[in-house]
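For reference, the structure is listed below as structure tokens.
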Ligand SMILES: *Cc1c(COP(=O)(O)O)cnc(C)c1O
């Protein structure tokens, strides 16, 4: 077996909200720990799924293993070749698949610190070495020059989460273009755009145009965040012909079930919903940032649907949030918390708790 597995700890998902509600006697717990969409999903999704259940009944047929109609919709909207898209059971599966296909023992992988933990975990499973490049301490953005300095002959993959989870900071496509131009052509640069639709910018936010300029760029997207479909597990990667074929060879033949495909197609068609969520999120994000600024709490300006800030004894504040029914994400060191931007009333409620915490915990 792979010896590396024995030393690794698995991803810890948040405690179910029902468990927390029971523990603290709460009628409702706002889950703001996994960057899910508090506004739900497009109202059209439920109707489409129910219709599909009626049509496909007990599910005796295999799903379309090619996800043909979803593939064509995405290819058309993003102006990429349909064959260059590979779907996964969430982006999680894509991250694992990329690592499995492109990494061998003793290869090197570059990731930011902090960033989404799955990149490093999957690299380690394959026996690769993970090198961390600290984010820009002032902005929380990926340090692109830092990545360049850490490239060696063993480097195979560079993971760029953009906007970065958990800092929320963002590198624009021009900066990424300059960066990729300096990366050796045999290194694959993976740009994870899980949060790209939350970016407010007058220019196109996505780096998808770089696919036409560089063979060694891949773009990753998910339906779990702004589309509000985390429960259906749909993510995808867009990459050059040959690498896409390698991933297709290794993936499970039916990784997207029928209902997930229906849900994703319906959600993708409703771009109005996406635009509304982005606008509401931006308004609430502004309020969070104003609150943190007012209380002189250090935070990274966010372009995503979460905010990452520094506060003394973060676990204690998280525990206080939890008791009042707000679940946030801890585990980023003792002074940092990541909070998913929630519904307006929840953000307000949390800010009241936090103001009280700050006023009574000055050392
Ligand atoms: C949430 C998240 C994912 C995983 O998305 P799924 O499609 O739900 O597996 C991938 N990358 C980043 C940066 C994320 O935050």
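A few comments on the model shown:
- Consider the range 207-220 and keep the residues that are touching a residue at least 12 places away in the same chain (Cβ under 8 Å) and out of contact with any strand residue (DSSP E or B) (no Cβ under 7 Å at 6 or more places or on another chain). The one that is surrounded by the fewest Cβ atoms within 10 Å (Cβ to Cβ) is 213.
- Just one residue in the set 223, 268, 273 is under 15 Å from residue 198 (Cβ atoms), touching a residue at least 12 places away in the same chain (Cβ under 8 Å) and within 16 Å of the ligand (Cβ to nearest atom); that residue is 223.
- Residue 247 within 16 Å of the ligand (Cβ to nearest atom), in a helix (DSSP H, G or I) and in the same structural domain as residue 61 (by TED's automatic domain parsing): yes
- Residue satisfying all of: in the range 301-319; touching a helix residue (DSSP H, G or I) at 6+ places or on another chain (Cβ under 8 Å) and outside any helix (DSSP H, G or I); surrounded by the fewest Cβ atoms within 10 Å (Cβ to Cβ) among these: 301
- Of residues in the range 105-114 being in contact with a strand residue (DSSP E or B) (Cβ under 6 Å, 6 or more places away or on another chain) and more than 13 Å from residue 190 (Cα to Cα), the one nearest to the ligand (Cβ to nearest atom): 113
- Among the criteria (1) in contact (Cβ under 8 Å) with a residue 24 or more places away in the chain; (2) touching a helix residue (DSSP H, G or I) at 6+ places or on another chain (Cβ under 7 Å); (3) more than 27 Å from residue 229 (Cα to Cα), the one residue 130 does not fulfil is (1).
- Sole residue being at negative phi and either more than 16 Å from the ligand (Cβ to nearest atom) or at pLDDT below 95 (or both), chosen from 100, 28: 28
- When residue 278 is tested against the conditions (1) in the same structural domain as residue 75 (by TED's automatic domain parsing); (2) touching a helix residue (DSSP H, G or I) at 6+ places or on another chain (Cβ under 8 Å); (3) within 21 Å of residue 196 (Cα to Cα), the lone failure is (1).
- Of 263, 279, all but one fail to be loosely packed, with under 13 Cβ neighbours inside 10 Å and either under 21 Å from residue 43 (Cα atoms) or free of Cβ contacts under 8 Å to residues at least 60 places away in the same chain (or both); the exception is 279.
The values are calculated or read from the model by the stated rules, or taken from the named source; none is laboratory data. On a predicted model such as this, the values are computed, not experimentally measured, just so you know. Ideal geometry is used to build each Cβ from the backbone, glycine not excepted, and the neighbour counts take in all protein chains shown.
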